[in-house]
Structures are given as structure tokens and as C-alpha cells.
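In what follows, a single structure is set out as C-alpha cells and then discussed.
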């Protein structure tokens, strides 16, 4: 089956200023950062314990089966099980990907101080292990597993540290190009800057470092797209205006409120972002499939972030799921993204609310009993909470049969 990622990238590059395609990814690679805590808190555990790795992988299976994501990001070990052995991506529009490196600022062991120290390059993953699950791959085996990786760099405004990060990235790019392994590039904000950067200049610093790092790289070695902190309309628009073919994307950061996630997605897209990777925001959601459904509805312009939060709570109520927060609290915008170490970066979102744009939606097969527009699309603005539940029950029925 053709992968939606490839189709969307082709659409974006064909007409980057007018393309409507938006890449949505679920980052389920947290076992390369948090260890035991990676699967997240388990609501079934009275002591507030964590889910098991098996439960974590069950969510991956379900989210891939849903088919609304473009990328599922995993650790190499999870990729070996689900992509190579179970073949869950065969016949799916979702592209499997792995975390290709794990710099020291994401080594978040309990009691560890690594995330508070300036980042050092490190790479556990081996490209062949991602591609075929063993150290030696013949050409016919290189597409058994994931052929896409996330490579991350953290610039700390120190000449020696940042030169080392760029040297390691260069070595990875050369190896990846030789082995036909594609990648996308994650740029973390400084985790422990040796020379502090004024907050008002941080977005510009990151943009300049991205452009500088890729100026000497031909198309064959370039990342497919970028993943970075959203530093507001000015910084995003500046990067897009410079070169829309960089395909900028935003990272979601810590769980936060539902409105944090939905508003961040809508605002970043409005100002030029073409991708979003939400790991902890999806993993911490009360119902991951419903949460992903609303992320997609927002990127497709079918619903505003504000209406999406209300509708999401309506669906949770209909499914008998208690939300983490009351609706009024979940509608709050915290305006910050917590890094792996817990440090917060503030992002800027204008308070002005714009109405949702018209777009296409998947139509339920049976005649709906909820309000629709003149084109037959669901009219979320006129739906009651019960009608929203019905709509999303139909969508879930279509996913699970």
C-alpha cells in the first residue's frame, strides 16, 4: 500500500506555498529516554504505577490500525517486533520509523542528572538493525523493517560541543545515504546552554543553526522534514519564507492540557508548519484513538481547537471515561513545552480565535442522525454532546469492526 507520508511530501514539494497536506506522527520511542516510565502512568494501577511495555506496544498496534497517522516512531527493539516480525505496517498507510540516536540530554533515568548537563552525541541504534533486525543485511532485506529514522541534535551555543554534534550528524548522514536510510531531523532547544541565549533570540538562533547545518548538504543527504519547538508565528514564518522545502514540523512536548495540544497544532499549521509529532500528548490522553481523531480533524480544517476540546470531552463522557481534568480546566492554555528534563520552553500563541475552515471528512456509511453541512459533512458546531458521541462511536466501529 502506498504510504501517506510519501504522498504528502510529494504534494508539499510540488506546491509548498499552497499544499494542504499535513504530516502527523505518534512518537512511541520513549523507552529510549525514560526507561520504566516510558509507557506512562496506568489508570488501572491503584498505586499510580506505570503501564507495561506490552501495553505500550498494544497502543501502537491500535493507533497504526486506525490509519490516521502518517508515521509511527518507535525504538529499534519495538520496531523489530512490530514491523519485522508481526508485519503490522504491511497494508497500512502508516510509515514505521525508529529513533536513530539518543543524545545524553534524553537519558532520563530516575535520579539522573544527565538531562541537566550539556548534551553529548550518542547513538545506540544501528541502521541495519532498524532495516532488517540483524547486523548484516543483503539488499533484499533492507526494507523488512523501518527505513526511516529520527536523528536529533541539541545546540548549546558552545563552539566545541556544537561542532561535535554536527560532526556526528555528518557521519550519520553519510552512512544513511550509503545504506538508503531516510531520516528526519529533530532540533532540541539548548538543554544547558554554556552561553545563555536571550529568550527573544532563541527562535532565531534555532532557525539560523538549522539553515547553517543544512546549507552544505545536497538533496540526497537532507532530512525529509524537521521537528522542533514552536517558537511562535514569527520564527515559524521566517523559516518557511526562507525555504518552504525544509518542511518544518513541531514537537508536542509534555502532556499538558488538551487545549495545549489542539491549539499548538492549529497555530503551528496556520503559520507554516507541515508536520507535528505528539508523543507524550497522545500517550497521556484518556483515549488515544479519539485524541488522534481530533488531531486529524483539526489539521484537515474540519473543527477548531476550542470546539475540539469540548467535543473530545463529550465523547469521553459518552464512552464512560473520566477525563483527567474538568472541561474548564482542560480549556486552559499553559503556553509551555516541557523538555525531557522537565525544563520548560515558552511558546507564543496569539489569543485570537479563528473559525474552522471547510474541509473534507470521512463520511459514515449509514445515514447520520446528527447535523451535517450542505455538503453532507458533520457539523460539529451544531452537534449536541450525545450526537458527537454517536459520530465518534461510528468512527471507532469502523476502526475495530
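Just so it is clear, none of the values below were taken in a lab; they were calculated from the coordinates. Treat the numbers as computed from the prediction; the structure is a model and nothing was measured. Cβ: placed from backbone, ideal geometry, glycine included. Neighbour counts: every protein chain shown.
Regarding residue 225, is this residue touching a helix residue (DSSP H, G or I) at 6+ places or on another chain (Cβ under 9 Å), closer than 23 Å to residue 174 by Cα and buried (at least 24 other Cβ atoms within 10 Å of the Cβ)? Break it down stepwise before answering.
On the way: touching a helix residue (DSSP H, G or I) at 6+ places or on another chain (Cβ under 9 Å): yes; closer than 23 Å to residue 174 by Cα: yes; buried (at least 24 other Cβ atoms within 10 Å of the Cβ): yes.
Yes: the conditions hold for residue 225.
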| Selection from segment 86-100 of residues that are over 17 Å from residue 5 (Cα atoms) and more than 21 Å from the chain's Cα centre (by Cα) | 86, 87
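Does segment 294-323 hold any residues that are closer than 16 Å to residue 252 by Cβ and in contact with a helix residue (DSSP H, G or I) (Cβ under 8 Å, 6 or more places away or on another chain), and which are they? I'd like the intermediate steps shown before the answer.
Residues of segment 294-323 that are closer than 16 Å to residue 252 by Cβ, as a first pass: 294-296, 298-299, 305, 308-309, 312.
If the condition is that a residue be closer than 16 Å to residue 252 by Cβ and in contact with a helix residue (DSSP H, G or I) (Cβ under 8 Å, 6 or more places away or on another chain), then 294, 295, 298, 299, 305, 308, 309, 312 are the ones that fit.
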| request: Could you please give the count of residues in segment 259-288 that are in contact (Cβ under 8 Å) with a residue 40 or more places away in the chain and more than 22 Å from residue 34 (Cβ to Cβ)? | output: 10
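Criterion first (crowded, with 16+ Cβ neighbours inside 10 Å, assigned to a helix (DSSP H, G or I) and in contact with a helix residue (DSSP H, G or I) (Cβ under 8 Å, 6 or more places away or on another chain)) does residue 172 satisfy it? First the steps, then the outcome.
Numbers: crowded, with 16+ Cβ neighbours inside 10 Å: yes; assigned to a helix (DSSP H, G or I): yes; in contact with a helix residue (DSSP H, G or I) (Cβ under 8 Å, 6 or more places away or on another chain): no.
The answer is no for residue 172.
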| note | Restricting segment 237-256 to residues that are at positive phi and either in a helix (DSSP H, G or I) or touching a strand residue (DSSP E or B) at 6+ places or on another chain (Cβ under 7 Å) (or both), the one surrounded by the most Cβ atoms within 10 Å (Cβ to Cβ) turns out to be 247
| The one condition in (1) outside any helix (DSSP H, G or I); (2) touching a strand residue (DSSP E or B) at 6+ places or on another chain (Cβ under 9 Å); (3) within 27 Å of residue 163 (Cα to Cα) that residue 105 fails to fulfil | (1)
| In segment 134-152, what count of residues is obtained for those that are in contact with a helix residue (DSSP H, G or I) (Cβ under 6 Å, 6 or more places away or on another chain) and loosely packed, with under 12 Cβ neighbours inside 10 Å? | 1
| task | Within segment 144-164, track down each residue that is under 23 Å from the mean Cα position of the chain (by Cα) and closer than 30 Å to residue 94 by Cα. | result | 145, 146, 147, 148, 149, 150, 151, 152, 153, 154
| task | Kindly indicate whether any position in segment 77-95 is assigned to a loop (DSSP other than H, G, I, E, B) and closer than 30 Å to residue 160 by Cβ. | result | no
